[in-house]
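Visitor: Sending over a structure as structure tokens; questions will come in a sec.
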Amino acid sequence: TCDIVWLRDDFRLDDQPAIAAVAGRPALFVYIHDQRLQNGRPLGGAAKWRLERSLASLGRRLGERGARLDVVEGEADRILLALAAAAGAERALWSRRYEADAIALDRRVKAALRERGVEAASFNGRLMREPWDLARADGRPAGTFSAFWRRHRGLGPLPAPLAAPTRLVAAPWPAEAPRRTTIEALGLTPMAPDWSGDLAQGETPGEDGARATLARFLDRGLGDYADARDRLAPAATSRLSAALRFGELSPRRPATAVEAATAADPRLAAAADKYLSELGWREFSYALLYAHPDLATRALKAEFEAFPFRDDEPGFRAWARGRTGYPVVDAGMRQLWRTGYMHNRVRMIAASFLIKHLLIDWRRGEAWFWDTLCDADPASNPASWQWVAGSGADAAPYFRIFNPVLQGERFDPDGAYVRRWVPELQRLEASFVHAPWRAPAEALARAGVILGKTYPKPIVDHDAARARALAAFAAIRRA
Ligand code: FAD
């Protein structure tokens, strides 16, 4: 007899309650590749690439401790039940998920396992706190982030993270069990064409990479975080989002680590608070997803369902390819396409540009990010898009329209970020790099820029676009 640990988006040994529970006992560690588990939403391309590496790393980590990662492809419920029967499993353990489809599936599996005499237990492996422990009396999350976060902090210190077990025991794969496959055979990495070239540049997939990234951030990034997190180049954030997304790192790890750093050096308190509150936004997003399963498809503020979005295919294509003529937007969209990552400030600017300057439905942008971000997250991505659109919980007011030129000048004053991702503007003086159309002809000539040829002219005029967006907003308010 043995236990089964069913792994999903919790690909680590550290602070992994399901794995800690089987330390020293024979167990099967199984990943079942079932696309139905993402709220009916297949993983995007960049996330698949990241998943492959995350699984490979988990396989290595398990191997080092005497265990083995088994990979099966197909319908998770059917496979898990067949595996439990073939193995004569005593217990099946897993970390909880918060997408409605996944919750429904887990409930079915739990009931079916129990009927067959298998103990089934789930744990919190993805969040600092469970959404239901933070809900108001009506079961909903607090309406504003600050109220939500007060509640979160009010629950007291987080439980200490669990150490990774030192010894795991691999149970043999039962002869009658569903057929196993390999990580490579899942076909997660693009082959033809292989566009993944630069994804490896910024990402350090796997638990070891995540721990090293966290250590580096604590050592060099945290002190400056509160002031520098909005700076585009050099970036000053932790770069842990994909690791958190795939559970290579438990959120309790960075949270307790920054708290410990503050205890040792109280001057870090402001930076640590800021950082913790960013982890708090992730928790808020999950609480929203849990309460609103259709977070990615329906505006939380119902009046936004009547918003007069435009069909603008050329506009969408220009945005997605980083050819809007607004350098900071283009730099962000190209960074995203090349590396599967975009700085948070630029995500806000680029998303705002799509929704407000182009009046394109936020759902299209959300879907593009879902496909291209390595950290594409079922909760944080739609919640953030709705926040930018003005339709979400505690959202930015619709009428606050980012000016991409001013944002660029403020957060990328010397243009280093733009120059890195938009090489056509490499030699343009800093005073024009965020608005090349304002540069005198000599400056453009010196920099080798021909607007409309080497780099696009702006596809919309900021002032006109702003007025159009405000008029559209006024229309839904009147309605
Ligand atoms: P840090 O500044 O170091 O923050 C630490 C951690 O806190 C992050 O790793 C992340 O897990 C969390 N976090 C930070 N900001 C937010 C936020 N606003 N909302 C939720 N969690 C946050 N984040 C994702 O993880 N996946 C997404 O799919 C995603 N889509 C986004 C879409 C838009 C339009 C916007 C505006 C933001 C989105 N974010 C998303 C949030 C944020 O941009 C990223 O988490 C952050 O840029 C990741 O970089 P970092 O790890 O260096 O962040």
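Visitor: Could you figure out which of (1) over 19 Å from the mean Cα position of the chain (by Cα); (2) of a type in the set (D, E, K, R); (3) not assigned by TED's automatic domain parsing to the domain that holds A46 isn't true of R211?
Guide: Going through (1) over 19 Å from the mean Cα position of the chain (by Cα); (2) of a type in the set (D, E, K, R); (3) not assigned by TED's automatic domain parsing to the domain that holds A46 one by one, R211 breaks only (1).
Visitor: Something else about it: Identify all residues within the range 460-479 that are over 14 Å from V328 (Cα atoms) and surrounded by 14 or more Cβ atoms within 10 Å (Cβ to Cβ); write none if there are none.
Guide: Within the range 460-479, V460, A465, R466, R468, A469, L470, A472, F473, I476 qualify.
Visitor: With Y275, Y290, Y286 as the choices, which residue is of a type in the set (F, W, Y) and away from the ligand (no atom under 13 Å from the Cβ)?
Guide: Testing whether each residue is of a type in the set (F, W, Y) and away from the ligand (no atom under 13 Å from the Cβ) leaves just Y290.
Visitor: Still on this model: Given the conditions (1) at pLDDT 95 or above; (2) under 30 Å from A27 (Cα atoms); (3) small (G, A, S); (4) within 24 Å of the chain's Cα centre (by Cα), which single one is not true for S146?
Guide: Only one criterion is unmet by S146, namely (2).
Visitor: Exactly one condition in (1) within 11 Å of the ligand (Cβ to nearest atom); (2) touching a residue at least 40 places away in the same chain (Cβ under 8 Å); (3) under 28 Å from L51 (Cα atoms) is not met by G392; state its number.
Guide: Here G392 meets the rest and fails (3).
Visitor: Can you name the condition, by its number, that F369 falls short on among (1) over 24 Å from R231 (Cα atoms); (2) in the same structural domain as E409 (by TED's automatic domain parsing); (3) out of contact with any Leu (no Cβ under 7 Å at 6 or more places or on another chain)?
Guide: (1)
Visitor: For the range 232-257, what are the residues that are over 14 Å from V346 (Cα atoms), free of Cβ contacts under 8 Å to residues at least 60 places away in the same chain and part of a loop (DSSP other than H, G, I, E, B)?
Guide: Matches in the range 232-257: S238, L240.
Visitor: Being modelled with pLDDT of 95 or more, farther than 20 Å from H292 by Cα and crowded, with 19+ Cβ neighbours inside 10 Å is true for just one of A171, A175. Which residue is that?
Guide: Of the residues listed, the single one that is modelled with pLDDT of 95 or more, farther than 20 Å from H292 by Cα and crowded, with 19+ Cβ neighbours inside 10 Å is A171.
Visitor: Test P404 against the stated conditions and say whether it is more than 10 Å from the ligand (Cβ to nearest atom), surrounded by fewer than 22 Cβ atoms within 10 Å (Cβ to Cβ) and not assigned by TED's automatic domain parsing to the domain that holds A142.
Guide: When the stated conditions are applied, P404 does not pass them.
Visitor: Might you check whether a residue that is touching a residue at least 60 places away in the same chain (Cβ under 8 Å), more than 15 Å from the ligand (Cβ to nearest atom) and either in a helix (DSSP H, G or I) or touching a Lys or Arg at 6+ places or on another chain (Cβ under 8 Å) (or both) occurs anywhere in the range 208-221?
Guide: yes
Visitor: Within the range 204-221, how many residues are over 18 Å from A236 (Cβ atoms), acidic (D, E) and surrounded by fewer than 23 Cβ atoms within 10 Å (Cβ to Cβ)?
Guide: Count: 1.
Visitor: Considering L240, L249, which residue is near the ligand (Cβ under 10 Å from one of its atoms), farther than 18 Å from M342 by Cβ and modelled with pLDDT of 95 or more?
Guide: Every option except L249 fails the conditions.
Visitor: I'd like to check something: does the range 416-425 contain any residue that is without any contact (Cβ under 8 Å) to a residue 24 or more places away in the chain and within 9 Å of the ligand (Cβ to nearest atom)?
Guide: no
Visitor: A follow-up question, please. In the range 306-315, how many are assigned to a helix (DSSP H, G or I) and either at pLDDT 95 or above or crowded, with 18+ Cβ neighbours inside 10 Å (or both)?
Guide: Selection size over the range 306-315: 3.
Visitor: Out of S384, S352, I need the residue that is among the hydroxyl-bearing types (S, T, Y), over 17 Å from A331 (Cα atoms) and either within 12 Å of the ligand (Cβ to nearest atom) or not in a helix (DSSP H, G or I) (or both). Which one?
Guide: S384
Visitor: A further question follows. Could you identify the single residue in A291, A331 that is surrounded by 20 or more Cβ atoms within 10 Å (Cβ to Cβ) and in contact (Cβ under 8 Å) with a residue 60 or more places away in the chain?
Guide: Going through A291, A331 in turn, just one is surrounded by 20 or more Cβ atoms within 10 Å (Cβ to Cβ) and in contact (Cβ under 8 Å) with a residue 60 or more places away in the chain: A331.
Visitor: Residues that are more than 29 Å from G340 (Cβ to Cβ) and without any contact (Cβ under 8 Å) to a residue 60 or more places away in the chain: list the helices (runs of 4 or more DSSP H) wholly contained in the range 42-129 that include at least 2 such residues.
Guide: Hits in the range 42-129: 76-87, 100-115.
Visitor: Right, here's the next one. If you go through the range 222-231, how many residues are outside any helix (DSSP H, G or I), surrounded by fewer than 19 Cβ atoms within 10 Å (Cβ to Cβ) and not acidic (D, E)?
Guide: Number satisfying all stated conditions: 0.
The values are calculated or read from the model by the stated rules, or taken from the named source; none is laboratory data. Only a predicted model underlies this, so the values are computations on that prediction, with no experimental measurement involved. Heads up, the Cβs are rebuilt from the backbone with ideal geometry, glycines too, and the neighbour counts pull from every protein chain shown.
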